[in-house]
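A.B. asks: Mind looking over this structure? Questions follow.
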């Protein structure tokens with residue numbers, strides 16, 4: 001759920017403003033909203049350090065850390081050295097770009113030095129570098145020596161040597177203003193060696209990444225402190241700070257105010273206050289879904305609905321149906337357990353989420369009898385399992401998809417009805433439920449060719465009447481009916497399309513099985529080859545093919561599994577994910593509230 005917030009104003013003596021901010025930071029409960037725009041040299045300096053730390057983290061996380069016997073460098077030193085090395089690498093790239101362009105201009109003339117040209121000219125000879133048409137013969141005086149250095153299509157790069165005073169009617173080429181070709185190639189080679197050394201040093205510095213992350217958190221806390229201090233308002237000898245805190249933390253703030261001599265004003269946030277932060281209080285079992293929320297950058301607004309638990313349940317079901325192979329799910333689960341053992345200090349939420357999704361994939365694969373898409377013969381014992389025999393029919397799976405969509409969206413409108421205020425507006429939300437089930441029956445008729453169900457007209461009639469009368473109830477019946485017609489016009493077709501869109505679960509899952517079966521058939525067609533060669537090729541095809549299909553399945557989960565929750569379901573709930581993260585002023589934040597929700 002989303003915890004209720006109080007808008008708080010803390011008033012203290014202006015001379016004690018720093019002590020007040022320090023005390024609030026110790027409490028760690030007030031999300032500060034600056035009264036004035038904070039400006040200070042300290043704040044600018046800290047923000048520059050944060051930018052540097054982010055830049056250094058981006059560079060070092062791309063490097064593979066090298067195990068060292070010595071302790072990692074200090075975070076500040078590692079950031080400074082990383083940025084210095086990165087600047088040097090950037091400078092090398094710019095220099096190499098210029099050298100490569102210059103080398104391109106010299107390569108057609110071969111390896112020579114300008115000193116060689118000067119020695120020839122000092123001997124009383126003229127040297128002309130020319131570019132001529134290969135199909136046009138040269139008309140040159142006697143005694144002129146011509147040597148072709150290179151040819152590119154019709155263009156010949158030639159060198160002409162003749163005594164001084166001999167007229168050469170050949171356009172001379174202009175050499176780039178650059179060192180000799182040998183010097184350029186040597187410099188590029190030296191830059192390559194230096195670049196390898198710099199990368200090796202960066203990999204050694206990558207051991208400081210945990211320390212830089214900790215330092216970054218400290219810097220962000222310092223920035224929050226200076227923003228709170230610099231954003232306080234003043235009124236004569238008094239200073240005041242504004243913010244938000246959860247209702248459950250009000251007693252602790254009152255106690256601190258009494259001991260510190262502050263004045264407090266606590267009030268409910270106004271209905272038009274868009275700055276109220278969202279603090280999620282989620283059951284422990286549902287917290288893994290926060291990894292998806294953070295990855296998508298979404299958070300419900302303070303006055304919206306927390307769908308995290310429902311999101312996790314249906315997202316798991318969607319994942320199982322989209323990948324739908326018990327063999328794949330087993331591989332995912334083993335990989336998740338192995339990764340967790342490899343990185344025991346990493347946050348647990350991603351591993352719990354991946355384990356749950358893997359189990360859901362295994363369950364659906366068992367229900368459908370799908371193991372690496374191996375076709376089961378009719379005599380196989382699994383064919384007698386009711387779920388396997390039922391879900392072997394594609395029409396049954398599509399019926400299940402439509403049913404799942406109707407249930408999912410019914411939950412959305414029932415949820416809206418439960419929280420609707422004033423209460424009579426709940427009838428308008430409840431009226432959409434028979435409409436959804438009418439759409440479900442209509443989808444079966446239009447998509448699956450099922451016979452028309454006798455309940456369908458009654459469901460639509462009840463839904464139409466309820467939406468017309470209760471979508472925007474008011475005393476003026478004409479305006480009420482007009483508002484209801486507008487709601488129907490905007491949402492009726494969309495609700496049907498949303499039900500039909502759940503068939504994507506069947507389509508993507510069936511496509512995944514077909515792709516896997518194709519690779520199985522391709523690997524099985526190696527009978528004419530020697531056993532060793534055929535076995536090797538079959539194993540290679542199976543490993544690469546199923547690996548590719550697993551990647552496609554994961555992409556389908558990200559695209560379709562997320563969409564059905566974030567667009568279809570959230571759209572029917574009316575959720576826009578406009579939340580402001582709850583970030584209290586604290587000494588040790590430990591992340592935002594949505595990443596570490598209260599139980």
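Values in this text are rule-based calculations from the coordinates and carry no lab data. From a predicted model like this one, the values you see are computed outputs, not experimental measurements. When we count neighbours, we look across all protein chains shown, and the Cβ atoms used for this are built from the backbone with ideal geometry, even at glycine.
A.B. asks: Only one of the listed values, (i) 26.1; (ii) 45.2; (iii) 49.5, was derived from the coordinates as mean projected area of the Cα convex hull in nm²; which label is it?
C.D. replies: The listed entry that was calculated here is (iii).
A.B. asks: Compute the angle between helix 504-524 and the longest alpha-carbon principal axis of the chain, please, reported from 0 to 90 degrees and rounded to the nearest 10.
C.D. replies: Tilt of helix 504-524: around 50 degrees.
A.B. asks: To the nearest Å, what is the center-to-center distance of segment 168-208 and segment 359-383, using C-alpha atoms only?
C.D. replies: Result: 59 Å between the Cα centres.
A.B. asks: Order 369-382, 219-232 from most to least packed using the mean count of other Cβ atoms within 10 Å.
C.D. replies: Ranking, from highest mean packing down: 219-232, 369-382.
A.B. asks: Expressed in nm to one decimal, what extension gain is obtained for the pair residue 345 and residue 303 from 0.36 nm per residue of sequence separation less their Cα-Cα distance?
C.D. replies: Working: separation 42, 0.36 × 42 = 15.12 nm, distance 3.55 nm.
Taking residue 345 through residue 303 to full extension adds about 11.6 nm, to one decimal.
A.B. asks: A further question on this structure: Below 8 Å between Cα atoms, with a sequence gap of 6+, how large is the relative contact order for the chain in percent?
C.D. replies: Relative contact order, the chain: 21 percent.
A.B. asks: Report the percentage of all Cα-Cα pairs in segment 113-179 whose separation exceeds 14 Å, rounded to a whole percent.
C.D. replies: Counting every Cα pair in segment 113-179, those more than 14 Å apart make up 61 percent.
A.B. asks: Ranked highest first by the average count of other Cβ atoms within 10 Å around their residues, in what order do 409-418, 533-542, 289-298 fall?
C.D. replies: Working: 409-418: 19.2, 533-542: 14.4, 289-298: 17.1.
Result, highest mean first: 409-418, 289-298, 533-542.
A.B. asks: Same structure again: Is segment 103-255 best put as rounded, prolate or oblate by its Cα gyration tensor, with a ≥ b ≥ c the root eigenvalues, rounded for a/c under 1.5, and otherwise prolate when a/b is larger than b/c, oblate when not?
C.D. replies: Here segment 103-255 falls in the prolate category.
A.B. asks: Against the longest alpha carbon principal axis of the chain, how many degrees, from 0 to 90 and to the nearest 10, is the axis of helix 75-106 turned?
C.D. replies: Its long axis makes an angle of about 50 degrees.
A.B. asks: To the nearest 10 degrees, how steep is helix 308-323 against the longest Cα principal axis of the chain, on a 0 to 90 scale?
C.D. replies: 60
A.B. asks: Going by the alpha-carbon gyration tensor, a ≥ b ≥ c the square roots of its eigenvalues, is segment 218-294 rounded (a/c under 1.5) or, if a/c is not under 1.5, prolate (a/b greater than b/c) versus oblate?
C.D. replies: Prolate, since a/c reaches 1.5 and a/b exceeds b/c.
A.B. asks: Need the C-alpha centroid separation for segment 392-411 versus segment 218-281, integer Å.
C.D. replies: Distance between centres, Cα-based: 48 Å.
A.B. asks: Need one number: % antiparallel among DSSP beta bridges in the chain, to the nearest 5.
C.D. replies: 95
A.B. asks: Please give the calculated 222 nm ellipticity per residue for the chain, where each DSSP H segment of at least 4 residues contributes -39500 (n - 2.57) and the sum is spread over every residue; nearest 500 deg cm²/dmol?
C.D. replies: Mean residue ellipticity at 222 nm (helix-derived): -19000 deg cm²/dmol.
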